[in-house]
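First up is the structure itself, then whatever we jot down about it.
The values are calculated or read from the model by the stated rules, or taken from the named source; none is laboratory data. The model shown is predicted, which means the values in this text are computed figures rather than measured ones. Here the Cβ positions follow ideal geometry from the backbone for every residue, glycine too, while neighbour counts run over all protein chains shown.
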Amino acid sequence: MANHEYDLLVIGAGAAGSTAATTAAGDGKRVALIERDKIGGTCLNYGCDPTKTLIYIADLLYKAHHAERFGLRVSEASFDWTSVLSWVQQAQNQIRGGTPEEAAAALSQKGIEVLTGEAVFLSPHELSIAGKSATAPRIIIATGDENIVPPIEGLSDVGYITNIEAVSLPTLPRRLAILGGGAIGMEFAQLFHRFGVEVTVLEHSPALLDKEDRELAESLCKLLTDEGLRLETSVELLRIQRDSAGKHLTIRCSEREEEKLVVDEILLAIGRRPSLASLHLDRAGVKTSKKGIDVDATLCSSQPHIWAAGDVTGALQFTHVAYEQGKLAAQNAFASDPRPFAGRVIPWVTYTKPALSHVGKTEEQLRQDGVDYRVARMFFKDVERAVAEGKTAGLVKLLVDNQGAILGGHILAEEAGDMLAPIILAMQTGVTAETLATTIMPYPNMVEGVRWAADKA
C-alpha cells in the first residue's frame, strides 16, 4: 500500500469536516479530506438543504390553494414532482458550489487532497482508505450520524425509507406513515401532506417535539392537526406486514385497542446516532460512549492527537454547531493553548409552517432546575404586520430571571428562525429584556413581536 504523509487527516466531508479541512488548509497545512459518499455530508445532500427547499415549494403550493381569502383566484394550483426535484437538485448544486465532483475539485484548489473511500484506522496515526494508507500527526473525526433503525417485527421485510430516499423519491406515495414525531418527522409530515400525501405520524413517547417548550409545541401540533395530518402519541408498533393492498402496521395508540394502519410507504425518523462503527476506533485507542466520541472541552478525544467535531461528539445535532466545532477542532489541533467549545448560545428551529424556534431553556427545564423565572408572551394576533399578512397564529415567549436576564426564547411563527436572532444575540452578550424592549425596530415588522414580549417581561 502506498503511504502518504499529511499534517492533518480529516474523516468526513460534511459541515464539520469540510470546515476543519478548509480552516487548516487556509493556515498552510497539508490536509487530506476523506469522504465515502458525497461532499457536503447529510445536511447538504439528504437533510437540511433539500428538505427546506421542499418545505418552501410545498408552502407555495399551500398558499396558492388558500389564496382566495386574500381576494386572489388561482384557477389551478398543481405541481409536477419531477420538476420539483429538478429545482431541489439545482439548489443543492448551487449551495455546494457545483456537482459533488466540482465541489471536490474546488477543495483541491484550496490545497486539500480529497480521498474517496471508507476510512478505517490501522493504528493511532494510520488510516486505510480504499486500499491506500495515509498517516498524519493529527486527525479529526467528523463522520456525522446515521439513522436509527428500530427492532420492529417485519420492518426489514416490508422495507422502509429514511431522509436519504425521502428527499428524492421518484414518485410520491398515496399514504405515508412516519415513525417519529421529532423535528425531522414533523417537517417531512407537513411537506408531504401539502403535496397531497395522506400522512400519519406515529410517536412512541407521550409528546411530539418533546425537546420544545410544551405550550408552543402543543399549539403547533393543533395547527398541523387542523391542516389534516394525523398525529398519534404513546404508540406501540407491534408488527408490520405487507400484501397487495400495502404495508400493514399493527399499532396500539394511547392504550386504545389494536388497529391496522395501511400505507404505501414507511419513513423512519425516530432519531440518529453517531456514525462510528466502520472506523475501528479501538485500533486508535479512542474512547466512546453511547453518545459518541468522548471529548474534552477543547474537542480532543482520549488520544491527544485526535479530535472530533460535529454529530460524532454527541452534542446537539445541528449543522451550525458542526461548522463551529469543525473550525475550532482544526484550530486547536495546531494550537499551543487550545480553546474550549463553551459559553455558546445554541439555537435551533423546526422548519414547519409556522416554524418553531428555540434558544436557551424551556419552562419545563427551569422548573426542574428550581430556577425562579417569569414568562412574557406576545401573540401575533396583536402584531400589525402579522395581521396584515394573515399570519396571526403563534407567539413569542420569553423566560426571564429576576434581574432581567433572558433564560430562554421560543417563537412560533412563519419566520420564527429569523426572528430569533435578536434573542440569541441578547443571550450571548448579556443584554437584558429591558434593553431589548427599548431597542427601536422598523415598523411594521414581525420582529416587533420580540420587542413587545421583552417589554412585558
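Listing for the model above:
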read-out: Residue within the stretch 172-184 that is surrounded by fewer than 17 Cβ atoms within 10 Å (Cβ to Cβ), more than 24 Å from Pro347 (Cα to Cα) and out of contact with any Leu (no Cβ under 9 Å at 6 or more places or on another chain) present; value: yes
read-out: Matching residues, the stretch 309-319, being part of a helix (DSSP H, G or I) and either without any contact (Cβ under 8 Å) to a residue 12 or more places away in the chain or aliphatic (A, V, I, L, M) (or both); value: Val312
read-out: Residue in the stretch 280-295 that is touching a residue at least 40 places away in the same chain (Cβ under 8 Å), surrounded by fewer than 20 Cβ atoms within 10 Å (Cβ to Cβ), assigned to a loop (DSSP other than H, G, I, E, B) and of a type in the set (A, V, I, L, M, F, W, C) present; value: no
read-out: Test: residue in the stretch 234-245 that is surrounded by fewer than 20 Cβ atoms within 10 Å (Cβ to Cβ) and over 20 Å from Val158 (Cα atoms); value: yes
read-out: Boolean, Ala322 is in a helix (DSSP H, G or I) and either within 30 Å of Arg174 (Cβ to Cβ) or not assigned by TED's automatic domain parsing to the domain that holds Arg230 (or both); value: yes
read-out: Options Ser244, Ser301; residue that is assigned by TED's automatic domain parsing to the domain that holds Asp210 and of a type in the set (Ser, Thr, Tyr); value: Ser244
read-out: Test: residue in the stretch 131-145 that is of a type in the set (Ser, Thr, Tyr), outside any loop (DSSP other than H, G, I, E, B) and touching an Asp or Glu at 6+ places or on another chain (Cβ under 9 Å); value: yes
read-out: Test result for Thr439, surrounded by fewer than 15 Cβ atoms within 10 Å (Cβ to Cβ) and free of Cβ contacts under 8 Å to residues at least 40 places away in the same chain; value: yes
read-out: Residues satisfying the stated conditions in the stretch 180-196, i.e. in a helix (DSSP H, G or I) and out of contact with any strand residue (DSSP E or B) (no Cβ under 7 Å at 6 or more places or on another chain); value: Ile184, Gln190, Leu191, Arg194
read-out: Enumeration of residues in the stretch 89-117 that are among the charged types (D, E, K, R) and either surrounded by fewer than 16 Cβ atoms within 10 Å (Cβ to Cβ) or without any contact (Cβ under 8 Å) to a residue 24 or more places away in the chain (or both); value: Glu101, Glu102, Lys110
